[in-house]
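Below you'll find the structure, written out as C-alpha cells, and then a few comments.
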Amino acid sequence: MLCRVGHIKRCAASLSQTLQQVAASRQKHTLPDLTYDYGALEPHISAEIMQLHHSKHHATYVNNLNITEEKYQEALAKGDVTTQVALQAALKFNGGGHINHTIFWTNLSPNGGGEPQGELMEAIKRDFGSFQKMKEKMSAATVAVQGSGWGWLGFEKESGRLRIAACANQDPLQGTTGLIPLLGIDVWEHAYYLQYKNVRPDYVKAIWNVISWENVSERLQTAKK
C-alpha cells in the first residue's frame, strides 16, 4: 500500500514538473509595436482612440489569450477533455482578437488612402466591377454588422477571387470562413465611439483615408502562393 502511495506521489510530482516545463517553454504572445505614432492617423482616427485601442484593448486580448492557452495546456496534459472544450470559446475570442488587431494595425498607414495599384486593382475590378463598387459593398457590409464585429476583404484560394465578408465579435475570418484576410475594418465601438459617437457610417467612410493599399497588396501576393 505504501509503495502504491509513493508511486502516485512520484507520478504527481513528475506531472507537475512536466506542466511547469511546458509552460516555461511555450512562447507567449506579445502586443505588436505600431510602425507609426498614435496620433499619426489624425484627423481620421484620433490619438486617444489609437492609444486606448492598441495599448489597452489589444493588450487585454493578448494577456487573456496567454492565460487561456496555459489553462488549455494544463488540461491537455491531464487529459481533461471537458476543460479543453470549455476553453474553446475563450481561445476563439481572445485568439481572434489578437489575430484581427495584428492585421488591422498593418492595414492602416498615415500615408494611406487613395486607390490600390497593379494586380490588386485589377483583381478588384474583375471581382467587383470597380474600386468604388468594392468600397461601397464593403462599407455597407461593415456598417451593417449587428453589435460588434469586423468587415473584411478576403481572398478565396480555391477560386482565386476576392470576397467581402462580415464576422461577429472577434471571430477570425480565416478560421471561420476559410477566406484569407487582406483588409479588415474594426467596428467594435472602442474603435470609433470617442470620436464618431454612434455614427458608425462616418467612421467607416473616414477610415478609407488611412488604408495602406501597399499592405493589402502584399497580403494578396502572400495569399496567392
Review point. Taking a probe of 1.4 angstrom, what is the accessible area of VAL81 in Å², to the nearest 10?
Key: 90
**Study point:** Value of Rg to Rh for region 130-225 (Rh from inverse mean 1/r over Cα pairs, i.e. Kirkwood)
**Key:** 0.96
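Which whole DSSP H helices in the chain pass both tests: a Cα extent of 24 Å or more along the axis and a mean Kyte-Doolittle value no lower than 0.0? It would help to have the intermediate numbers written out before the result.
On the way: long enough: 2-25 (34 Å, 0.27); 59-78 (29 Å, -0.73); 88-107 (28 Å, -0.29).
Passing helices, by number: 2-25.
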Review point. Cα extents of the chain along the three principal axes, largest first, in whole Å?
Key: 78, 41, 31
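Once you've got the Cα coordinates, tell me which of LYS133/LYS197; LYS56/LYS205; LYS137/LYS205; LYS28/LYS92; LYS92/LYS137; LYS92/LYS197 are over 21 Å apart.
Among LYS133/LYS197; LYS56/LYS205; LYS137/LYS205; LYS28/LYS92; LYS92/LYS137; LYS92/LYS197, the Cα-Cα distance tops 21 Å for LYS133/LYS197; LYS56/LYS205; LYS92/LYS137; LYS92/LYS197.
Tell me the GluC sites (Glu not before Pro) within region 136-216 that lie in a loop according to DSSP and have at most 15 other beta-carbon atoms within 10 Å. It would help to have the intermediate numbers written out before the result.
Values: sites: GLU136, GLU156, GLU158, GLU189, GLU214; in loops: GLU158.
Those that pass, being in a loop and sparsely packed, are GLU158.
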Practice item. Order the following by accessible area, largest value first: LEU76, LEU153. Probe radius 1.4 Å; ligands, DNA and RNA are ignored. Key: LEU76, LEU153
**Study point:** Qualifying lysines (Cα of each under 18 Å from Cα of LYS78; at least 8 residues distant if same chain)
**Key:** LYS9
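Order the peptides 39-46, 110-117 from the highest to the lowest mean number of other Cβ atoms within 10 Å of their residues.
Numbers: 39-46: 17.0, 110-117: 14.1.
Ranking the peptides 39-46, 110-117 by packing returns 39-46, 110-117.
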Revision key, fill the gap. By the Cα gyration tensor axes a ≥ b ≥ c (a/c under 1.5 gives rounded; else a/b larger than b/c gives prolate, otherwise oblate), the shape of region 91-177 is prolate
Review point. Cross-link partners among lysines for LYS224, C-alpha distance below 21 Å, same-chain residues fewer than 8 apart left out?
Key: LYS125, LYS157
Exercise for review: For GLU156 paired with THR30, estimate the spin-label separation in nm (one decimal), with each label point 7 Å from Cα along the Cα-to-Cβ line.
Suggested key: 3.9
Review point. Taking square-rooted eigenvalues a ≥ b ≥ c of the alpha carbon gyration tensor, is region 28-82 rounded, prolate or oblate, where a/c under 1.5 means rounded and, failing that, a/b exceeding b/c means prolate?
Key: prolate
**Study point:** Spatial separation of Cα centroids for region 64-78 and region 155-222, in angstrom
**Key:** 29
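Counting only C-alpha contacts under 8 Å and six or more residues apart, can you give the relative contact order of region 79-163 as a whole percent? All intermediate terms of the calculation are to be shown ahead of the outcome.
On the way: 32 pairs, mean separation 14.2, N = 85.
Reported as a whole number, the value is 17 percent.
Sort the following peptides by mean Cβ neighbour count (other Cβ atoms within 10 Å, averaged over residues), highest first: 139-146, 91-98, 31-38. Can you show the working numbers first?
Details: 139-146: 16.2, 91-98: 20.2, 31-38: 13.8.
Ranking the peptides 139-146, 91-98, 31-38 by packing returns 91-98, 139-146, 31-38.
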**Study point:** Surface share of carbon and sulfur [accessible, 1.4 angstrom probe, percent] for the chain
**Key:** 52
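The values are calculated or read from the model by the stated rules, or taken from the named source; none is laboratory data. None of these values were measured; they are calculated from a predicted model. Please note: Cβ atoms are built from the backbone with ideal geometry, for glycine as well, and neighbour counts cover all protein chains shown. Surface areas here come from the heavy atoms of the whole protein model, side chains and all, with no ligands, DNA or RNA. Shrake-Rupley method; radii C 1.70, N 1.55, O 1.52, S 1.80 Å.
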